[in-house]
1. Tell me yes or no: at least one residue of the range 86-97 is of a type in the set (Gly, Ala, Ser), crowded, with 20+ Cβ neighbours inside 10 Å and modelled with pLDDT of 95 or more.
2. Looking at the range 123-137 only, could you name the residues that are open to solvent by less than 30 Å² (accessible area, probe 1.4 Å) and in a loop (DSSP other than H, G, I, E, B)?
3. Confirm whether GLN157 is open to solvent by 70 Å² or more (accessible area, probe 1.4 Å), within 18 Å of ASP90 (Cβ to Cβ), without any contact (Cβ under 8 Å) to a residue 40 or more places away in the chain and under 21 Å from the mean Cα position of the chain (by Cα).
4. Does the range 44-59 include one or more residues that are assigned to a loop (DSSP other than H, G, I, E, B) and closer than 25 Å to ILE127 by Cβ?
5. Any idea which of (1) closer than 27 Å to LYS12 by Cα; (2) hydrophobic (A, V, I, L, M, F, W, C); (3) in contact with a Lys or Arg (Cβ under 6 Å, 6 or more places away or on another chain); (4) at pLDDT 95 or above is the one LEU70 doesn't satisfy?
6. Among the residues of the range 100-115, are any among the aliphatic types (A, V, I, L, M), over 30 Å from PHE154 (Cβ atoms) and open to solvent by less than 40 Å² (accessible area, probe 1.4 Å)?
7. Under the condition of being in a helix (DSSP H, G or I), of a type in the set (Gly, Ala, Ser) and within 19 Å of VAL147 (Cβ to Cβ), which residue from the range 66-122 is nearest to the chain's Cα centre (by Cα)?
Amino acid sequence: DSEESSTSTENKINESRIRKIDEQLTQDFIYLLREEDFEFGYKTRSEEIISEQLNINALATRNWLNKIFLNYYSDEIVIIGILRIIGRFDPIQIFPQGQTIALAALTHKNDEIKELGIRAFEQWCSIESLNILRKLDIEKAWLKDYVNDVIKDFEEQLCHI
């Protein structure tokens, strides 16, 4: 019985943490995703927010990010921003929500969003990413070519590790 009550206590603590992040950061974060330019080698403020929050509470941050992704799935600008950010993080830092977000992006009707989902897996360059990419069923020829190129690169890189 005490194990059951401690589990519910943990759930309440995590729900509280997510609610706190949600209340304090979501509006500003969404605004930043819509306004920022994502440039290679430049860390955006939205990326810094995720990094800061991951250091404070990784589980709550990953769940909060996943919640935003789901709630804003029809807002392509927000989704594109999230995908650009998650690919910049170490895959272990954002596991498993980051990988699930990247996978979900592959079901979006927007080809740029699909491409960014693939790019996130490409940036993570792991056996897990390779296994996922090998199982994708991509219809668009250019995206299929991109996936095949990434798979080929992974097979070369991961075989030399």
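1. no
2. SER126
3. Details: open to solvent by 70 Å² or more (accessible area, probe 1.4 Å): yes; within 18 Å of ASP90 (Cβ to Cβ): yes; without any contact (Cβ under 8 Å) to a residue 40 or more places away in the chain: yes; under 21 Å from the mean Cα position of the chain (by Cα): no.
No; evaluated as a whole, the condition is false for this residue.
4. The answer is no; no qualifying residue exists.
5. Every condition holds for LEU70 apart from (3).
6. no
7. GLY98
Residue by residue, here is whether (1) of a type in the set (Phe, Trp, Tyr); (2) without any contact (Cβ under 8 Å) to a residue 12 or more places away in the chain holds:
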| residue | (1), (2) |
| --- | --- |
| GLU128 | no, no |
| LYS135 | no, yes |
| TYR146 | yes, no |
| ILE151 | no, no |
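The values are calculated or read from the model by the stated rules, or taken from the named source; none is laboratory data. Note that the structure is predicted; figures quoted are calculated from it, not measured. Counting neighbours? That spans all protein chains shown, and the Cβs are built from the backbone with ideal geometry, glycine included. In case anyone asks, the SASA skips ligands and DNA or RNA and just uses the protein heavy atoms, side chains included. Shrake-Rupley method; radii C 1.70, N 1.55, O 1.52, S 1.80 Å.
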